[in-house]
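Undergrad: Right, I'll just put the structure down here and ask away after.
Read the figures in this text as sums done on the coordinates, not as results from a lab. In this text the structure is predicted, and so the values were computed from the model without any measurement. Heads up, the Cβs are rebuilt from the backbone with ideal geometry, glycines too, and the neighbour counts pull from every protein chain shown.
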Amino acid sequence: MPRTARSIGWHVLCLCGMAVVLYPVAWLAFASVKPPDEILSRLALLPSRFVFDGYSKGWEGAAGVGFGRFFLNSFLVAGLSVVANVVSCSLAAYAFARLRFRFRGALFAFMITTLMLPYHVTLIPQYVIFQQAGLVNTFVPLILPKLLATEAFFVFLIVQFMRGIPRELDEAATIDGCSVYRTFWHVVLPLSKPALVTTSIFTFIWTWNDFFTQMVYLNDTEKFTVPLGLRLFVDTSSQSDFGAMFAMSALALVPIVLFFLAFQRLLVEGVSTSGLKG
Amino acid sequence: MTTLRTPAPPRPVQPRAPGRGYRRKSQPEAFAFLTPWLLGAVALTVGPMVVSLYLSFTDYDLFTTPHWVGFGNFTHMFTDDDRYLRSVEVTLIYVLVSVPVKLAVSLGVALLLNTRRGGGGFYRAAFYAPSLLGASVAAALVWRALFTGGGPVNEVLAGFGWRTPSWVDDPNFSLATIVLLGVWQFGAPMVIFLAGLKQVPAELHEAAAIDGAGALRRFRHITLPMLSPVIFFNLVMEAIHAFQAFTPAFVIGGGRGGPADADLFYTLYLFEVGFQDFRMGYASAMAWVLLVVIAIVTAIVFRTAKLWVFYEDRP
C-alpha cells in the first residue's frame, strides 16, 4: 500500500510540473480563440465564447502581404536548409569518420572548435560578402551556409554515428570492388539514416524558429518568414491586433508541435546521446 | 556516456600493416567529400573571422572604405559607451542567474523522472517540449502577454493578495521574465542529465543504503560525483548559449532593449550598432570581445574541472 501511495504521489507531482510547464502553450492555444477583450484580462483558460476572428484577420497578414506568404517562405527556407544540411554534413562526416587523409586530425579539431564560435564573429563579414554579391534580401544567405556545412554540430553528430557502423561492412564493399563513393552511397549512408533524420528534424525546427539571421538578411515584406511576420504584429500592436497576433503565433507553432508529436522519442533520445540543444 | 562529455578528440592514427588499414587510404576522394565543408570553412568561417578582426580596428559603415582607428573601438567600448557597459551587465546577470537555475531545475526534474515507474517517457517528452518552442518569436510573444500589467501572472498573484507591477514594463523586473523564459527551456539539459543518471550503478546506492546512508547523503556522495562530467558538459553548453541569447530579449524588450535598457542584451546591442546604426567596425569589435569572453569562461570551466569533475576511469 505505501508503494502505491508513493506512486500516486509521484504521478501527482509530475502532473503538477507538467501543468506549470505546458501552461503557456495551452494559454496561447486558448487565447487565439478568445474575444479580443478577454485575452489579457481573463484568468480563465477557456474563453466565454469561441471567436475565430483572430485567425481570419491574422491570415490577411500585415503591410499588404498575407500570412500564407510568410508560411510559404518559411517552408521554402526550412525545407531547402534541411536538404542542404543533410547533403553537405553527411559528405564531410563520411570523410572524417571513414577516410584517411592528410591534416585529418587538425581539420577535425578545427571543426570541433567552430562548435563554440559565437555566430556574431563571422556575421558582419558574411553580411558584407552577401551584400557585395547583391544577395541580401534573397534566401541565398540563409541557405548557402548550410550547403557548405557551416553547422558543425550536425557534422559532429553524423561523425559520431558513422563511427558506430561496423568497419567490416566497408571492407567487404571494398573487396567486392566498390569505390569509396559507392561505399558511401550504398553502405554507409543508408545505415546512417537515424542520424540523418535527427539532423533533418533539428535543422527544420531551428530554421523555423530562427529570427536573428532572417531579420538581418530579409528586408521586403514579400520575402518575410513567419517569425518576421509575427514581429510585424508587435510593431503595430494596438489592443485590437492581439487576437490576430496570438492566432498567428499559435499557427506558427503548429509545424513544430506536429514534428514533436511525430518524432518525440527520436528527438528526445537524439538530444541525450548527442548533446544537441533544442 | 563518452558521447556526453565534451567532443571527443580525434582518434590517433594507428600504424597500419600493408593492406590492413582500418581506414581506407583515399586522399583525393577524401577531399572530394570534404569540398563543401572546406569551402564553407574558408569562405564563411576563417575568412570572415580574419576580416572581422581587421574591421574591429576600423570605422566601417558598409558603404565607404574602412578607416583604421587602432584600439579606438575597444577603448570607446569600455570607457565611453554606457549602453555597452549596460549590455555587458545585463548579459552577465542573465548568464549568472539563468544558467545555474536552469541546471538546478533540469537536474531536479531529471531526478524526479529517473524511475522505473510507467509514464516516465510521457512526462519526459512533455517536459522537453518547451525546449523546442522557447527560442521562437511566438513563445516570446506569449511570455510578454503573460507578464504584462493585467496579464494572467499578475491575476494569479493578485489572487494571493500580492500587487505586482507590469513585469515586462518595469526596469526592475523585466530581465527576470527573460530569465524565467530561459529556465523554462530546461528540457535539453534535463534529457542529458537523465541519460547520465541511468549510468549511475544501482549497486552503489544499494550498498550505501545498507551502510545507513540516507537519500541526501547518497545524492551528495554518489549521484553528484558520478554525474559531474554531465554537469560539466551542460554547464559549458548552457553558458555558451546564454551569452548569445537574442530573440526573447528582442521581442520582450520591444526591439529596443526594454524599459531603461533593462533587457539590453549584448547581442541585441550588437545588432543595433551593426545593422541599424551601420557601425560595422564597432560591432565587429563587440563580436570579438564576446568571442574572447566565451573562450575565457570556457577555459576557466575546463581548468576548474579537474577539481570537481570525477571520471570513473581516471581516479
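Undergrad: Equivalent-ellipsoid semi-axes (√(5λ), Cα gyration tensor) for chain A, whole Å, largest first?
TA: So the three semi-axes of chain A are 41, 29, 15 Å.
Undergrad: Using only the C-alpha atoms of the protein assembly as shown, find the volume of their convex hull and express it per residue in Å³.
TA: Per residue, the Cα convex hull of the protein assembly as shown comes to 188 Å³.
Undergrad: Mind checking the mean number of beta-carbon atoms from other chains within 10 Å of the Cβ atoms in B:196-208?
TA: The per-residue average across the peptide is 0.
Undergrad: Using a 7 Å offset from the Cα along the Cα-to-Cβ direction at both B:L111 and A:L72, what is the distance between the two label points in nm, to one decimal?
TA: Result: 5.4 nm between the two label points.
Undergrad: Further question: Please compute, for peptide A:148-160, the average count of beta-carbon atoms on other protein chains lying within 10 Å of each residue's beta-carbon.
TA: 4
Undergrad: What full-extension length gain, to one decimal in nm, is calculated for B:F31 and B:V46 as 0.36 nm per residue of separation minus the Cα-Cα distance?
TA: Difference between extended and current length: 3.6 nm.
Undergrad: What is the Cα centroid distance between the stretch A:129-185 and the stretch B:232-250, reported in whole angstrom?
TA: Each part reduced to its Cα centre gives a spacing of 27 Å.
Undergrad: Follow-up question, since we're still on this one. Between A:L135 and A:K193, what length in nm is gained on full extension when 0.36 nm per residue of separation is reduced by their alpha carbon distance?
TA: Contour length minus Cα-Cα distance gives 17.5 nm.
Undergrad: Further, regarding this structure: State the extension gain, in nm to one decimal, for the chain segment bounded by A:R265 and A:S179, taking 0.36 nm per residue of separation less the distance between their alpha-carbons.
TA: Extending this stretch completely gives an extra 27.4 nm.
Undergrad: In the Gaussian network model of chain B, springs joining C-alpha atoms below 10 Å, which of B:G120, B:G253, B:G40 carries the largest mean-square fluctuation?
TA: In the Gaussian network model the winner is B:G40.
Undergrad: Taking square-rooted eigenvalues a ≥ b ≥ c of the alpha carbon gyration tensor, is chain B rounded, prolate or oblate, where a/c under 1.5 means rounded and, failing that, a/b exceeding b/c means prolate?
TA: Since a/c reaches 1.5 but b/c is at least a/b, the shape of chain B is classed as oblate.
Undergrad: Same structure, new question: Run the simple label-point estimate for B:A209 and A:V20 please: 7 Å along Cα→C-beta, distance reported in nm.
TA: 2.6 nm
Undergrad: Sorting B:I222, A:I175 on the 10 Å Cβ count, fewest up front, what's the list?
TA: A:I175, B:I222
Undergrad: Among A:V234, A:V188, A:V12, which one shows the biggest mean-square fluctuation in a GNM of chain A, springs joining Cα atoms closer than 10 Å?
TA: So, out of A:V234, A:V188, A:V12, the one fluctuating most is A:V12.
Undergrad: Calculate the mean, over all residues of peptide B:45-52, of how many other protein chain Cβ atoms lie within 10 angstrom of the residue's Cβ.
TA: For peptide B:45-52, the averaged partner shielding equals 6.
Undergrad: Follow-up. Take each uninterrupted DSSP H stretch in chain B, measure its Cα extent along the helix axis, and return the ones at 24 Å or beyond whose mean Kyte-Doolittle hydropathy is at least 0.5.
TA: B:82-113, B:224-243, B:280-308
Undergrad: Can I ask one more? With no solvent and one equal point scatterer per Cα, compute the Debye intensity ratio I(q)/I(0) for the stretch B:188-315 at 0.13, 0.21, 0.23 Å⁻¹ and report its log10, rounded to two decimals.
TA: For the stretch B:188-315 at q = 0.13, 0.21, 0.23 Å⁻¹, log10 I(q)/I(0) is -0.72, -1.17, -1.28.
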